[in-house]
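Beneath this line is the structure, given in C-alpha cells, with notes to follow.
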There are 2 protein chains.
Amino acid sequence: MKRTFDISPWNVATKAWDPQDKRLQESMTSLANENLGMRGFFEEGYSGDHMQGVYLGGVWFPDKTRVGWWKNGYPKYFGKMINAVNFMKLIIKVNGEQLDLNKQTPKDFNLDLDLKSGVLKRSFKVEIGGSELQFTFERFVSVVQKELVGQRVTVKNLSDSNVNVEITSMIDADVYNEDSNHDEQFWDVLSKKADGTHAEVMSKTKPNDFGVPQFTVGMKTTTVTDLKHIEDGTSDKTAYNVFAGEIKPNSEINFEKRTVVATSRDFDTENEIEQRLDELAAKLDAESFDALLKPHEEEWHNRWTKSDVVINGDEEAQQGIRFNLFQLFSTYYGQDYRLNIGPKGFTGEKYGGATYWDTEAYCLPVYLGVANPEIARNLLMYRYKQLDGAYVNAKEQGLDGALFPMVTFNGIECHNEWEITFEEIHRNGDIAYAIYLYTNYTGDKSYVLHEGAKVLTEISRFWADRVHYSQRQNKYMLHGVTGPDEYDNNVNNDWYTNLLCKWTLNYTLEILDEVDAETAKKLGVSEDEKRRWKGIADNMYLPYDPQKDIFPENDGFLDKDLTPVSEIPSDQLPLNQNWSWDKILRSPYVKQGDVIQGLWDFIDDFTKEEKKRNFDFYEQFTVHESSLSASVYSIIAADIGYEDKAVELYERSARLDLDNYNNDTDDGLHITSMTGSWLDIVQGFAGMRVRNGELHYAPFLPKRWDSYKFRQTFRGRILEVTVDKTGTKIELISGDPITIDLDGKKLNLK
Amino acid sequence: MKRTFDISPWNVATKAWDPQDKRLQESMTSLANENLGMRGFFEEGYSGDHMQGVYLGGVWFPDKTRVGWWKNGYPKYFGKMINAVNFMKLIIKVNGEQLDLNKQTPKDFNLDLDLKSGVLKRSFKVEIGGSELQFTFERFVSVVQKELVGQRVTVKNLSDSNVNVEITSMIDADVYNEDSNHDEQFWDVLSKKADGTHAEVMSKTKPNDFGVPQFTVGMKTTTVTDLKHIEDGTSDKTAYNVFAGEIKPNSEINFEKRTVVATSRDFDTENEIEQRLDELAAKLDAESFDALLKPHEEEWHNRWTKSDVVINGDEEAQQGIRFNLFQLFSTYYGQDYRLNIGPKGFTGEKYGGATYWDTEAYCLPVYLGVANPEIARNLLMYRYKQLDGAYVNAKEQGLDGALFPMVTFNGIECHNEWEITFEEIHRNGDIAYAIYLYTNYTGDKSYVLHEGAKVLTEISRFWADRVHYSQRQNKYMLHGVTGPDEYDNNVNNDWYTNLLCKWTLNYTLEILDEVDAETAKKLGVSEDEKRRWKGIADNMYLPYDPQKDIFPENDGFLDKDLTPVSEIPSDQLPLNQNWSWDKILRSPYVKQGDVIQGLWDFIDDFTKEEKKRNFDFYEQFTVHESSLSASVYSIIAADIGYEDKAVELYERSARLDLDNYNNDTDDGLHITSMTGSWLDIVQGFAGMRVRNGELHYAPFLPKRWDSYKFRQTFRGRILEVTVDKTGTKIELISGDPITIDLDGKKLNLK
C-alpha cells in the first residue's frame, strides 16, 4: 500500500512533489470523456521517467503478434489502443530557459483533481530564467462536447524585474507506445499546418496486414492568450504556434489552448474531418475557457445527482467510492455504442484499451443502478453489433455459433495466450447473463426479444458444439477450459463455466418461447436443435463433492495440496510476484472467485448454507490477486451474514488505486474493478436485489461508519437509500410511486 | 508423401531439377561431422527461394524472447544455433554472366549424396555466357579433421570456342537466421583479410543481455586452381580471392577450395584461433582434394563396418535405414562431450539446433548398439557437466534439486511455452533412465556410481519437491504436467511421468546403496531424505482404470469423447494442420506415445496382456503427428506379436524424410527420429533385449523382406545378426566369446 494523495471527500489532491511517483500521479490524475482521454502527464514536458498517454476511444492498431500464430486458431495480432498524437503539448521558456520540473524543483506544489466538476489543476512556484514565477495549469476533457479538451496556463511573475515568457502550443505526432511489439510508431502524418492562433495535424494509422481499417485523425488547436503571436511552424511530425511577451513584477498572463479532435470513426473523408474541425474551432474561438468549462461542470453535477454515494464516519471510504465512480463515468457513459470499457480506460497502455468480459460481469450491474437504462443497453448493443466477429472466432476454433472474444476492439479475438483465448470461454456465458441482468433490472424486454435472442441463440449454438458427451459419466462436459480463476489453467469441468453453459441453454429456450414469429423465423432454431439444447442442459455435469458438500472449482481441484493461504509466509505474497507460474498453477490458491462468482450470479438459487460452506471453503485459498476479486467475495459475505468480513473485503477493493494496493497503479487505473465498491455498498451492505421486478433491500451498517446513503436509478425513478444507526430510510427522489421490500416488509414510496 | 530422390541402396540421388523442391533438396543433401555442417545449398548462390544454412556445433545465440517473460520462472531467451558466416561461397562468371540456376536452366542435372563415403556431388550442363559448359561440384565435411570442409568444382567447356571463366572464392558474414526474433544479424566482423590463395574472416557473436559468453569464430580458406589469381578484396562483411582464365573447347579446369574453422570453444584468444587456422591451412595447402578426401572416406567405411544394416527384398527400406544412420552419425559421433544431437542437427534452423530429451529417449539406445560405449557415455557426461544449469532451472521454479531443460545449449532452459518448459518434466526421468540404459547395456558402472549418482540424486531431489500429497487419495501426485503426448497439456497425473518419478526414486536409492563412502559423503543424502523418497515411491499414484483394465494417460483422459481416429474424415488429417489447438487439446488423439512410451521403457515389467490391452486402446487414438511416435509403437507391436502392424509402423518412420511424410522436411531433417528405424529392426523385428547382462533375441522376418542383417556392438564385441526365411544366424565378428539367448535358447558364440 502506498498513499500519495490526501484524504478528502471530493478531491484527489496532494501538495507533495515526488518525482519517484510520477507515473502513479499521472495515472491518478487521468481525465476522459468516453470519446478521448489522457493520463495526467505534464503538458510542458518532463525529461524524467514518466508515461505520456493520450488516447482516442475506438482508435486502435492490430499489432502483429510474435507468438503462437503457428498453431491453428491463434489470433494474428494483439489489438492496442494506441498512444494518440499529443495535442496537449506546450513548450514554455522563461528568459530562454525551458520549464521542466525534472530540472527545476518546484515549491508550493499543488496537484488537485476535483471530482465534483472534473477539472485537474496544478500549481507551483519555481526559480527559472533567474526569476521566481508561479505557474497554474488547468485542464478538462469536456463531457458535453466530446471532441473538446480545454487547457489554461496562468503565469505570474513573483520576482521584482520583468521576465520574458515564450510559450509554444504544439501538436506532436512523434509518439510511441511502450508496449508496441515491434518498437515501431503507429502514426503517419498526412498533413500539418499552423497559422496564427491555429495549428492542425491530420494523421493516419500505419497500414496493417490484417484488413483492419486504418484510422484518420484530425486535431486542431486554438490558442487565446495575452502573449503576442510571434511565429508558426511545422516539422515532419509537428505543427505549432509560438507566443511571447514580457510579464511585469506581480503581474500574470493567461494562456488558453483548446483542442478539437475528429476522426474517421465519425467521418468518411479527410475533407469531412477537416470541415468538422473548422466548424468546431470557429464555434469555440468565440468562447472563453470559463464559458467552455461551465456546461462541463454542470453535467458532472447532474451525474452526481443520479448516483452519488455519501459515507459518513469514514472519509477514506467516501473518497474511494467517489473516485471510482468518477473514473468509471469518465471512461464510459454510454454515449456511443461502438465504444466500451477498457480495463484501464484512458489511463494507461496495459490491456490495450480493449473490451474484456469485465464489462458485462462487473460494469453493467453498476451502470444499471447509476444511470439511465440506455447506457447499459448500449453495452449490450456493442456485443450484438460484433456478432460477425464472434462467428469468426468460433469458426477459428472449428465450432458453431458465436464465441465472443476475450479481448477485442471489433469483435475479433486479439488476445494471444492459448489458455485464455481458447479456453476462458465462460465469457460467452457472462455476455449471455448480462442480457438477463439488464432485462431483470429494467423490465425492458425489447432487447432480449430481438437482438438479445439472436445473441443468446448463437452463444447456445457455440455451447452445444463445445460440450462433449462423456460415455463414462453419462454427462455432458466441458474439457480444456480456464475459469475466472486464472491461477488454474486448462482444467476440465470448471464448475462456473459448466453452470453458465447450462444456464444459457435454458434461458435461451425460455426466451425462444417468447419471441414473435418473425424473430423466431429469422433465428431458425429447429425443434431438433431445441431438444438437443434441452438434453445438454438437463445432463450437464456440475462438479459436486459429497464429502465436503461443496462445488469443486474443477475436476482434480480437491486432489491438490489444500494448505490454506494463511500458512504461506507473508514474504511469499503476492504469489504472482514471488512464485513461479508452475507453482501457482498447481496450487489451490484462487486468483479471483470462480465458484464464488457463480454464487453471486445466481445468489438467490443457493441456500444460505450452501453459500456459507462454499465461501468458507474457498475463502481460505483465495489470494485476491485480481483486482476484480475481493468485491464479489464481499457481496457473498454480506449475503451470508459475515458483516465484518464483508467490510474488510470492501476496504481491499474500494481504495485499490488510491492506495496503490497492488503496486501497479503506475501503469494505469483499474477502471473495471472500480465498480466493486459500488456493488459492495449497494448489493452487499444494503442487500439490494431485484426479484420479480421488485426492489428488495436488507441493509446493515458497517461498524466504523456513522451512515451511508446512495442514489439509485430504477425503472424511470431515482431512489435514495440512507442507512444509519437508527435504521434505513428509503426515499423516492423522482418518478412514479413504487412498492419496495425492506427486510421482508413492503413499503410504498411516493 | 513426396519422393524426390531415387531408390538406391547407398545413394540419395536424383536427376530431376525441380526448383519447387529446392529447400527439400537442400535438407536431404546436408552434410556434417558433429563439429560443423551445412544444408545442401548451392555454393555458387541461388537467387530463387532456398534456405542457406551453415552451422557450427555449440555456437549459438540467446535470442531474447518476446513472450512469457513477465511470468516468474519464464526463460528470458530462446537459444539458437545461428547461421554461421558462409565460407562455402563461390561467385562464378562465364564470359561475364553469373552462374545462377534460378536464371539458367540446367540440363543433365545430377545430384548425388553418397552415403558410403560421405560425399555430395552435383553436375549439370548449362548454357551460359553464350556457351555450353558442364559443371561438377563436390564437397565433403571431413569426419577425420573436424575443422575441415573440402570443395571442388570442375568446369568443362562443351562449346567450340574459348570461354572466359572467373571464380571468386569468398567468406561472407552477411547472413541471417530466418527464425530470428528481432530480425537482427547475429555476427560482428572483427577482422578480414585476403591474400593470394587465402582469405580469412574473424567474427564474433553480438553481445547479449544474459551473460552468455560470445563466440569468436575464425575461418580461413585456401584455393588451389588452374585459373589465374587476379585479385583480392574485402568489404564490410566479406573477404575474397578472384581467379580467372580461359577454357578451350573440350577442356576443363579444376577449382579446389578448402576451409578450416576454429572457434573460441577450443581456443581462448583470437591469436590462438588464428594460429590454429594458419597451422591447419599450412598442412592442407600441401594436399590435394583427393588426398584430403581419402581418410574421410575410410572413416565412413569403418563406421559402416560396425553398424551397417542390410535389408534384402526391400530397397526402399534399405535406403531408409542407411540414410538415417548416415545423418545420425553426421550429427553426432561422440567426439566432443560438450556437443549433443539437435532434433534437426545441422540441416535447418527449426528447434534451434539445441538439445532435447530426444537424445536420451531415442538416440542413446541406438549409439549403444552401433558404436563404442564412449560415445553414449559422452552423451551422459553432457548432462552431468550441465548440472549447474539444471539447478538454476529448478530454482527458477522454486524447487529443489536439478531440473534438466527441455531445450538447451548450456544447461539453462531456453524453451518458452509454459506448458512445455514448466510442465514437460518427464524429461528429467528420461535423463535418469538413460543412465540405467547405459549401465545395463554396457555393464560399465563407472558412470552410474560416480557422476551418475550425482545426477540421479539431484533429479530425485527435484521429484521429491515437485510431488504433492493428496489427502483425499492418500497418494503422492504430480499435477500440472505435460507428457510426451503434447496433444494434451497441463494434465494431472500423467501416467508416464508419475511412473518415471517413482522409478527414478527407487533406482537412485538402489544406486546409493552401491556407491563408495567418499561418493556417498559428497552426495550427502541423509537417512531421512532416503525415507522420504521411499515413502513417495511406495505411495505414488499411478492412474489405472479397472473397467478397461488399462493405464489412463492422465486423470480425466477417459472422460473424453473416445471416438477412434479412424472415424475422422481423412481430409481433417493431420490434425495439427486442420484443427484448432483448442480442439486438439480436448480430443483423445495422441501425438506420440505416452503410456506406450512407458511400456517401451519398462518392456519386461508388464505382461503381454497388459501391453496388448494398452496398445489396442491407445493405437486407435494415436495420430503419430510427432516423428518420434510410430517407431515406438512398432517395437511394442513386435513385442506383443502384431508383426504386420510392427512393419506398417516401421515403414511410417523409416523413410520419414526420404518420402517427406510430414510435409516439413524442407525445414530440415528429423535427425533424432532417424533412430526409430534402427530401433524397430533391432529391438522390434529382432527382439533384442539385454537382460541381466545377457543379449536376448526373438526375431521375425517382415513378410515382404527376403532377409535382414545388422551389426551390433556389445561390450567390446561386434556381432552380426542375420534373419532370413531359413531362420536366424548370429555371428561374432570380433571380440571375446559370448553366450547369448536366441528365442529362449542359449548360444555360445566364438
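Derivation of every value follows stated rules applied to the coordinates shown; laboratory data play no part. Bear in mind that the values here come from a model prediction, so they are computed numbers and not experimental data. Counting neighbours? That spans all protein chains shown, and the Cβs are built from the backbone with ideal geometry, glycine included.
Brief remarks follow.
- 7 Å along Cα→Cβ, label-point gaps from residue A:285 to other copies, nm, shortest first: 8.3
- When you restrict to C-alpha pairs under 8 Å that are six or more residues apart and normalise by the size of chain B, the relative contact order lands at 13 percent.
- Pairs spanning more than 30 Å between alpha-carbon atoms, out of A:445/A:522; A:475/A:645; A:530/B:591; B:709/B:746; A:15/A:294: A:475/A:645; A:530/B:591.
- Seen from a random direction on average, the alpha-carbon convex hull of segment B:307-379 projects onto 5.1 square nanometres.
- Averaged over the residues of A:575-588, the number of partner chain Cβ atoms lying within 10 Å of the residue Cβ comes to 6.
- For residue B:717, label point 7 Å along C-beta direction: distances to other copies, nm: 9.9
- Under 15 Å between alpha carbons - lysine pairs in segment B:38-190 that sit 8 or more apart or on different chains: 9
- In straight-distance terms, cross-link reach from residue B:2 covers every one of the aspartates and glutamates whose alpha-carbon lies under 12 Å from its own, apart from those fewer than eight places away in the same chain; here that gives B:21, B:657, B:659, B:664, B:666.
- Computed about its Cα centre, the charge dipole of segment B:612-744 is approximately 500 debye, with only Lys, Arg, Asp and Glu carrying charge at their Cβ.
- Dimensions of segment B:116-197 along the principal axes, based on C-alpha atoms and rounded to the nearest Å, stand at 51, 34, 31, largest first.
- Per-residue average of Cβ from other chains inside 10 Å of A:558-567: 4
- Set of aspartates and glutamates near residue A:725 by C-alpha distance (under 17 Å), chain-local residues within fewer than 8 positions excluded: A:314, A:643, A:644, A:706, A:743
- Fully extended contour minus Cα-Cα distance, from residue B:193 to residue B:252, at 0.36 nm per residue: 18.3 nm
- Estimated distance in nm for a label pair at residue B:271 and residue A:739, the labels positioned 7 Å out from Cα along Cα-to-Cβ: 10.2
- Segment A:1-116: relative contact order as a whole-number percent, Cα under 8 Å and 6+ apart: 31
- Packing around the peptides A:310-320, A:367-377, taken as the average count of other Cβ atoms within 10 Å per residue, puts them in this order, highest first: A:367-377, A:310-320.
- Computed on the Cα atoms alone, the convex hull of segment A:581-716 gives a volume of 127 cubic angstrom per residue.
- Take the Cα radius of gyration of segment B:214-310 and divide it by 2.2 N^0.38 Å, N being the number of residues; the result is 1.43.
- Cleavage-rule hits (chymotrypsin sites (Phe, Trp or Tyr not before Pro)) in segment A:535-593: DSSP loop, at most 13 neighbouring Cβ within 10 angstrom: A:544
- Segment B:101-219 - percent relative contact order, Cα under 8 Å, separation 6 or more: 13
- For the protein assembly as shown, the alpha carbon convex hull comes to 216 Å³ per residue, rounded to a whole number.
- Euclidean distance between Cα centres, segment A:577-655 to segment A:1-59, Å: 31
- Column: log10 I(q)/I(0), Debye, Cα scatterers of chain A, q = 0.05, 0.09, 0.11 Å⁻¹: -0.26, -0.85, -1.24
- Packing, as the average of other Cβ atoms within 10 Å across residues, places the peptides B:114-122, A:607-615 in the order B:114-122, A:607-615, highest first.
- Alpha carbon centroid spacing (whole Å) that separates segment B:458-479 from segment A:159-194: 58
- Inter-chain Cβ neighbour average for residues A:423-430, partner chain, 10 Å: 1
- Judged by the mean number of other Cβ atoms found within 10 Å, the most tightly packed of the peptides A:743-750, B:214-221 leads the ranking B:214-221, A:743-750.
- Placing a label point 7 Å from Cα along the Cα-to-Cβ axis, residue A:269 is separated from the same position in the other copies by 7.4 nm, shortest listed first.
- Ascending count of other beta-carbon atoms within 10 Å, so fewest first, for B:379, B:449: B:449, B:379
- Separation of segment B:490-557 from segment B:78-130 is 54 Å, based on Cα centroids.
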